[in-house]
Amino acid sequence: MKFKFLLFALIVMAICSCTQTSQTDLSKHNISGNIYSVSYKEYEANIVDGSIVPGEQMRNSTTIYFDQDGMVLESNTHNRRGYLMNKSIYSYSEDLKIDKISAVTFRNGSIQDTYEAKYSYKDNELDIIREYRNEELLMLKKHIYTDGNLSKVSSYDKNDELIDYTEYKSYADNNPTEIVYVNNVEEKTTKIKYNNGLWVEMVITTPQDYSKISVERDKNGLPVKSSQCAFTVGEEYVFSPYYLGYKYEYDQNGNWIRRITTDITTDTPISITERNIEYYNL
């Protein structure tokens, strides 16, 4: 059960970062200032002599480097033994639009695969993303806009056969409120509610499944509570609601450097996420 909570917590934090409207990459990480790098490590939470302390590292660690415009320059992932697994390099145009992402995966210290995503624009909007693996074209992602908002993204393989598509059905204050994803296996609809530009409720449905995730945020937009419930149509399988709480510690610049995730129902700490932040010396 503990690992189900951990997975849910991870999903919430991933969604919280990727659905925010932001001018730079720093706000996607709820971070501000002249940031040089930020590193994430997540541990199981243990209680020792009444104190919550880090236990075993749970998953891979990530370090992200930023330029002085607040855009990601490089992202590195290391496994729990400290070995480099993935390295991604980002490049931008003069107006800070993403131009290319080059990535390398490693295995046993040697290069396993190379990846590249090339971005092209039309009328100042993202038009096509071309994705390559080991210099061979994998897929194209084509973007369509309506009234200034993204309305559809379609993915095609190297033979120009449709793989899947995502439709953005409606918006509120430039935030998508209904998203439909379709491939040859499933159709998934996501409906989103916002408060002050940040999502607070997300309902995801397929013909078979229903799930709802809700988030309460503090004045800085950080999640302080979240909940999830889900069920499968026509089956007895039902998720009991999850209720998670998040407490933070901050550095002298007001950026959080430690987050404790707790099962609210049992008041049991689940995980500790530590962020090491380095700043440019200006």
Quiz item: Looking only at segment 195-233, which residues are within 15 Å of residue 27 (Cβ to Cβ), surrounded by 15 or more Cβ atoms within 10 Å (Cβ to Cβ) and free of Cβ contacts under 8 Å to residues at least 40 places away in the same chain?
Solution: 217
Practice problem: Take residue 39 and decide whether it is modelled with pLDDT of 90 or more, under 22 Å from residue 222 (Cβ atoms), part of a loop (DSSP other than H, G, I, E, B) and among the hydroxyl-bearing types (Ser, Thr, Tyr). | Solution: no
Practice problem: Determine which member of the set 110, 93 is over 25 Å from residue 24 (Cβ atoms), free of Cβ contacts under 8 Å to residues at least 40 places away in the same chain and exposed (fewer than 12 other Cβ atoms within 10 Å of the Cβ). | Solution: 110
Practice problem: From the list 273, 266, 262, pick out the single residue that is of a type in the set (Val, Ile, Thr) and not in a strand (DSSP E or B). | Solution: 266
Quiz item: Which ranges mark the strands (runs of 3 or more DSSP E) fully within segment 64-122 that have 1 or more residues being within 22 Å of residue 136 (Cβ to Cβ) and at pLDDT 95 or above?
Solution: 84-92, 98-107, 110-122
Quiz item: With (1) in contact (Cβ under 8 Å) with a residue 60 or more places away in the chain; (2) under 30 Å from residue 245 (Cβ atoms); (3) surrounded by fewer than 16 Cβ atoms within 10 Å (Cβ to Cβ) as the list, and residue 68 as the residue in question, which single condition is left unmet?
Solution: (2)
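The values are calculated or read from the model by the stated rules, or taken from the named source; none is laboratory data. Values in this document were obtained by computation on a predicted structure and should not be read as measured data. Note: ideal-geometry Cβ built from the backbone for every residue, glycine included; neighbour counts use all protein chains shown.
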